[in-house]
Every structure is written in C-alpha cells, then in structure tokens.
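Report on one structure; see the data block that follows.
The values are calculated or read from the model by the stated rules, or taken from the named source; none is laboratory data. A quick note: this is a predicted structure, and the numbers were derived from the prediction, not measured. Here the Cβ is made from the backbone with ideal geometry for all residues, glycine too, and neighbour counts use every protein chain on show.
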C-alpha cells in the first residue's frame, strides 16, 4: 500500500485493497474559512486529510476518502474568502458520499469532522444513519465534548491553558499547522484573539458570527504555538478518535 488516500489510487488498487480486508473508509469533513491573519483558509481541510490518514494507520485496514469541503461556516462569513454550504447541502453531500461507499462494498464509514461548525450536524447524521443504512456501521469520531477534554489534557500535561490553546487558530491549531504545514504558517502575524471562557460565548458566536467575539478571527493565543505541542496534540486527537471508533465497533 503506497497510499491510503482513495483519490491517489486507481480503481483496480482500491478493488484489490478491499479484497485484502480494507472495508473501512474515513471521511474527513473540513472547511474553507478564515483562520486568523497567520493561517491559510484551508486549514481544517488540510488537517482533515492529515488526521484521517493518521487514524487510518492507527486503526488498520482503513482507507481515506477525499475530505469534504467547504463545510458549515456561516459564522466566518464576515472575513474575506470564507465559504459556507447550506446545512441541507452539506447533509446531502454526506449522504451521497456514504451512499457511494456503501455501494462499493465498504462496511464501516467513519466520519471525522475537523471543523467545529460541522460537529453537531455530522454527529446527528451518524446517530440517525443506522435507520437509513442498515448493516453498515457509521461512526462520528470527533465532537465538541472530546475536543474539550483534549484541551483539558493539554492544560494538565503541557501547561497550556485551554483558553490559550483555543478552539480556532489559537495555540493548539497553530501548533498542528507548524507540525504538518509549516510553510503555510506566518508566525510574524500570530496574535492573541478571544481568550475568555469559550463555553460562555459559543452559542452567541454561531448566532452573531465569530467577529462578534474576536476581531482577528482567533480564539486562543497563536503566539504560544510550537511544533512539539502540535505533535502531542495530534497524538491525543488520533488516540481519542480511535477510541471512539473501537468502542462503537
């Protein structure tokens, strides 16, 4: 197996892989949206590929679908370049993806949202899916609760407070990008954004837009980002997602 990415494989290679037991497919769900003045707009989609591939290796016998993008990013639309889908469109794309892979014979579909705005919709889709796709395991491998716990782990183990690591373009996400895509990170423009209690403003952010709580689009403080922190956070995220999948299987 030279690659686990379906889009890099021929149909014959995919057929042979499935015959060898690769019957699980991981579908990342990212976004195209602002990520502060220092990170690219494709951050969530890039990390979608990265984490889907890492999760596939961790689980074994799994292949990686093209990451879905754009996502649900209405709350970022005050910033130039951001794209968003209507929720009905996003769900329709999810349905079509899942339907295609089931028709090809995949037995387990793992949904991996790497953009916070996609979490609740993807999670709801996975919970309702068994009624529509009997006989196929459909699992959502990441959600807000898990991400909150990972932030708490980082605070305890690395000394980076959860509000500094942040949930969007802060120390945590910037560290991941420094690890995987350093050529796309401009640390000279890394700044502090909203560093209050995100739980207190999350609902208002989705209602009014992220610009209502942070003028530069950052939640957290990007200036603390380091490659070693990115490595630790990546390991935690893959481990947590794999745990969810294994428990549901």
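Structure summary
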| read-out | value |
| --- | --- |
| Number of the exception - residue 240 against (1) touching a strand residue (DSSP E or B) at 6+ places or on another chain (Cβ under 9 Å); (2) assigned to a helix (DSSP H, G or I) | (1) |
| Conditions (1) part of a loop (DSSP other than H, G, I, E, B); (2) out of contact with any strand residue (DSSP E or B) (no Cβ under 8 Å at 6 or more places or on another chain): number failed by residue 92 | (1) |
| Pick from the range 80-95, criterion touching a helix residue (DSSP H, G or I) at 6+ places or on another chain (Cβ under 7 Å) and either modelled with pLDDT under 95 or over 15 Å from residue 67 (Cβ atoms) (or both), ranking: surrounded by the fewest Cβ atoms within 10 Å (Cβ to Cβ) | 87 |
| Residue count, the range 206-220 (criterion: modelled with pLDDT of 95 or more and within 19 Å of residue 44 (Cβ to Cβ)) | 10 |
| Tally of residues being part of a helix (DSSP H, G or I) and either more than 17 Å from residue 244 (Cβ to Cβ) or out of contact with any strand residue (DSSP E or B) (no Cβ under 6 Å at 6 or more places or on another chain) (or both) across the range 104-118 | 3 |
| Residue count, the range 23-39 (criterion: over 30 Å from residue 101 (Cα atoms) and part of a loop (DSSP other than H, G, I, E, B)) | 4 |
| Failed item, numbered, when residue 65 is tested on (1) farther than 24 Å from residue 220 by Cα; (2) out of contact with any helix residue (DSSP H, G or I) (no Cβ under 6 Å at 6 or more places or on another chain); (3) surrounded by 16 or more Cβ atoms within 10 Å (Cβ to Cβ) | (2) |
| Some residue of the range 96-103 being out of contact with any strand residue (DSSP E or B) (no Cβ under 8 Å at 6 or more places or on another chain), surrounded by 21 or more Cβ atoms within 10 Å (Cβ to Cβ) and touching a residue at least 24 places away in the same chain (Cβ under 8 Å) | no |
